[in-house]
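**Student:** Mind looking over this structure? Questions follow.
The values are calculated or read from the model by the stated rules, or taken from the named source; none is laboratory data. Note that the structure is predicted; figures quoted are calculated from it, not measured. Here the Cβ is made from the backbone with ideal geometry for all residues, glycine too, and neighbour counts use every protein chain on show. Ligands, DNA and RNA are excluded from the accessible area calculation, which covers all protein heavy atoms including side chains. Shrake-Rupley method; radii C 1.70, N 1.55, O 1.52, S 1.80 Å.
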Amino acid sequence: MAGAWAPATRAADGANAYPQHAITLVNPYAAGGPADIVARSLARALEKRLGQAVVVENKAGGGASIGTAFVARAKADGYTLLLGTSAGHVVTPLMQKTPYDGVRDFAFCSVVAVQPIMLAVNPQRGIGTLAELIARARAEPGKLSYGSAGVGGATHLGAELFQQAAHIRLNHIPYPGASPAINDAVGGQLDMVMLNLSASLPFIRQGRLVPLAYASASRSPLLPDVPTLDEAGVHGAQSATWYSLAAPAGTPPAIVQRLSGAVREVNEDPDYRRVMQDQAIELMALAPDQAQAYVEKDRADMRALLGRLGLLAQ
């Protein structure tokens, strides 16, 4: 009888000892963008709770599928984790063939945060309000360009929703992350961006980007004078990025629970909370079963949206 229980006992002991060495947290976006801020802030805060280094590794590209696929193939021992988003887990696998299933191939430890999107334009374009942008776009269909943090991400689909709701057509230029898109918008290669507020906020404060509308139900406390899309007359186009902490499927449940508990503890860290608030990031700490349900609901919602947009893989 003791022999029959030995494997389970060893597994439990291993989970209780976790972690015993450094953990890699994969960010499937370019360095310097909003996801990178979340990843590095979360990594530093987790180190305090887990007692081991948490090293962020950027694996950008493919609509977040490159980094997501890397973690899906990793050993399920809790030492390779993913800062997941709707793009990598849900949208890209719905839009194209990927070497992984964005839900089935992962154990979700938590959904850790959400961040709404801000529409901002290069000041040299002479556009100061959303109404002026819409008028210009209607007069010159497909001429105005916008950058996103990648095909299929919240910033891309948020802009698609905005175009549908405003009855305009823009030229989409996808990037491997928010940072290079912002750089081109500030440099004048792009007319506008529709990205997480944290990416554009420093440039808005410097006057190098003009904020037009916030894609949330309420105004950002960081830019209280900027209207929401609804307030500016464009309805049904709210959009935000969510961030999850995910491990490869098959990761021991005790390790998944350990990481989920660490996220809850991290959210009480005043330094971490301050950084997230400064970036207009709303904290969450969903339990593993809640996180699983959250991602599955997002997949159902995105399947319906992509179907309406004609973007589902055939």
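**Student:** Against the definition (in contact with a Leu (Cβ under 6 Å, 6 or more places away or on another chain), among the small types (Gly, Ala, Ser) and in a helix (DSSP H, G or I)), how does Ala137 come out, yes or no?
**Tutor:** On the way: in contact with a Leu (Cβ under 6 Å, 6 or more places away or on another chain): yes; among the small types (Gly, Ala, Ser): yes; in a helix (DSSP H, G or I): yes.
In short, yes.
**Student:** Of the residues Glu296, Glu268, only one is in contact (Cβ under 8 Å) with a residue 24 or more places away in the chain, under 30 Å from Asp77 (Cβ atoms) and loosely packed, with under 15 Cβ neighbours inside 10 Å; which? Spell out how you get there, then give the answer.
**Tutor:** Values: Glu268 fails: in contact (Cβ under 8 Å) with a residue 24 or more places away in the chain.
Testing whether each residue is in contact (Cβ under 8 Å) with a residue 24 or more places away in the chain, under 30 Å from Asp77 (Cβ atoms) and loosely packed, with under 15 Cβ neighbours inside 10 Å leaves just Glu296.
**Student:** Shifting gears a bit: Here is a check on your reading of the model: is Ala45 modelled with pLDDT of 95 or more and touching a Phe, Trp or Tyr at 6+ places or on another chain (Cβ under 7 Å)?
**Tutor:** On the way: modelled with pLDDT of 95 or more: yes; touching a Phe, Trp or Tyr at 6+ places or on another chain (Cβ under 7 Å): yes.
In short, yes.
**Student:** Let me ask you something else. Within segment 104-129, can you find the residues that are more than 22 Å from Gly177 (Cα to Cα) and either touching an Asp or Glu at 6+ places or on another chain (Cβ under 7 Å) or in the same structural domain as Arg258 (by the TED database) (or both)?
**Tutor:** Arg104, Asp105, Phe106, Ala107, Phe108, Cys109, Ser110, Arg125, listed by residue number.
**Student:** Looking at (1) buried (at least 17 other Cβ atoms within 10 Å of the Cβ); (2) modelled with pLDDT of 95 or more; (3) not in a helix (DSSP H, G or I), which is the one condition that is false for Ile255?
**Tutor:** Result: Ile255 fails condition (3) only.
**Student:** Those residues that are open to solvent by 20 Å² or more (accessible area, probe 1.4 Å) and either closer than 20 Å to Gly153 by Cβ or of a type in the set (S, T, N, Q) (or both), I need them from segment 230-240; list them, please. Working first, answer last.
**Tutor:** Kept after step one, since they are open to solvent by 20 Å² or more (accessible area, probe 1.4 Å), are these residues of segment 230-240: 230-233, 235-236, 238, 240.
Within segment 230-240, Gly236, Gln238, Ala240 meet the criteria.
**Student:** Go through segment 49-72 and give me each residue that's part of a helix (DSSP H, G or I) and either hydroxyl-bearing (Ser, Thr, Tyr) or open to solvent by less than 50 Å² (accessible area, probe 1.4 Å) (or both). Working first, answer last.
**Tutor:** Filtering segment 49-72 for residues part of a helix (DSSP H, G or I) gives 49-50, 65-72.
Scanning segment 49-72 gives Leu50, Ser65, Gly67, Thr68, Ala69, Val71, Ala72.
**Student:** Another question about this same structure. Find the residue count for segment 79-124, including only residues that are open to solvent by 10 Å² or more (accessible area, probe 1.4 Å), closer than 28 Å to Ala22 by Cα and not in a strand (DSSP E or B).
**Tutor:** Within segment 79-124, residues that are open to solvent by 10 Å² or more (accessible area, probe 1.4 Å), closer than 28 Å to Ala22 by Cα and not in a strand (DSSP E or B) number 7.
**Student:** Right, another one. I'm trying to understand the selection: among the residues of segment 271-287, which are within 18 Å of the chain's Cα centre (by Cα) and open to solvent by less than 80 Å² (accessible area, probe 1.4 Å)?
**Tutor:** So the first thing to find is which residues in segment 271-287 are within 18 Å of the chain's Cα centre (by Cα), and the list is 272-273, 275-286.
Scanning segment 271-287 gives Tyr272, Val275, Met276, Gln279, Ala280, Ile281, Leu283, Met284, Ala285, Leu286.
**Student:** Anything in segment 275-312 that is part of a helix (DSSP H, G or I), of a type outside the set (A, V, I, L, M, F, W, C) and modelled with pLDDT under 90? List them, or say none. Please lay out each step first, then the result.
**Tutor:** Within segment 275-312, the first condition is being part of a helix (DSSP H, G or I), and the residues that meet it are 275-278, 288-309.
Narrowing the set further to residues that are of a type outside the set (A, V, I, L, M, F, W, C) leaves 277-278, 288-290, 292, 294, 296-299, 301, 303, 307-308.
Matches in segment 275-312: Gln277, Asp278, Asp301, Arg308.
**Student:** On to the next question. Pro227: surrounded by fewer than 21 Cβ atoms within 10 Å (Cβ to Cβ), outside the structural domain of Gly33 (by the TED database), closer than 17 Å to Gly158 by Cα and at pLDDT 95 or above, yes or no? Lay out the reasoning, then the answer.
**Tutor:** Working: surrounded by fewer than 21 Cβ atoms within 10 Å (Cβ to Cβ): yes; outside the structural domain of Gly33 (by the TED database): yes; closer than 17 Å to Gly158 by Cα: yes; at pLDDT 95 or above: yes.
So Pro227 fits the description; yes.
**Student:** Turning to a different aspect of this structure: Of the residues in segment 202-223, how many are part of a strand (DSSP E or B) and open to solvent by 20 Å² or more (accessible area, probe 1.4 Å)? Give the derivation first.
**Tutor:** So in segment 202-223, the residues part of a strand (DSSP E or B) come out as 210-214.
Within this subset, residues satisfying the condition of being open to solvent by 20 Å² or more (accessible area, probe 1.4 Å) are 210-211.
Final tally of qualifying residues: 2.
**Student:** With the structure loaded, tell me whether Pro174 is closer than 30 Å to Ser244 by Cβ, touching a Ser or Thr at 6+ places or on another chain (Cβ under 6 Å) and buried (at least 21 other Cβ atoms within 10 Å of the Cβ) or whether it fails that test. Full working, then the answer.
**Tutor:** On the way: closer than 30 Å to Ser244 by Cβ: yes; touching a Ser or Thr at 6+ places or on another chain (Cβ under 6 Å): yes; buried (at least 21 other Cβ atoms within 10 Å of the Cβ): no.
The answer is no for Pro174.
**Student:** Among the residues of segment 187-201, is there at least one that is open to solvent by 10 Å² or more (accessible area, probe 1.4 Å), under 29 Å from Arg44 (Cβ atoms), part of a helix (DSSP H, G or I) and modelled with pLDDT of 95 or more?
**Tutor:** Looking for residues that are open to solvent by 10 Å² or more (accessible area, probe 1.4 Å), under 29 Å from Arg44 (Cβ atoms), part of a helix (DSSP H, G or I) and modelled with pLDDT of 95 or more, one finds none in segment 187-201, hence no.
**Student:** Now for a separate question. Does Gly158 meet the test of being part of a helix (DSSP H, G or I) and either of a type in the set (Asp, Glu) or touching a residue at least 24 places away in the same chain (Cβ under 8 Å) (or both)?
**Tutor:** On the way: part of a helix (DSSP H, G or I): yes; either of a type in the set (Asp, Glu) or touching a residue at least 24 places away in the same chain (Cβ under 8 Å) (or both): yes.
When the stated conditions are applied, Gly158 passes them.
**Student:** State which residue is farthest from Asn122 (Cα to Cα) when the search covers only segment 150-186 and only residues that are at pLDDT 95 or above and among the charged types (D, E, K, R).
**Tutor:** Arg169
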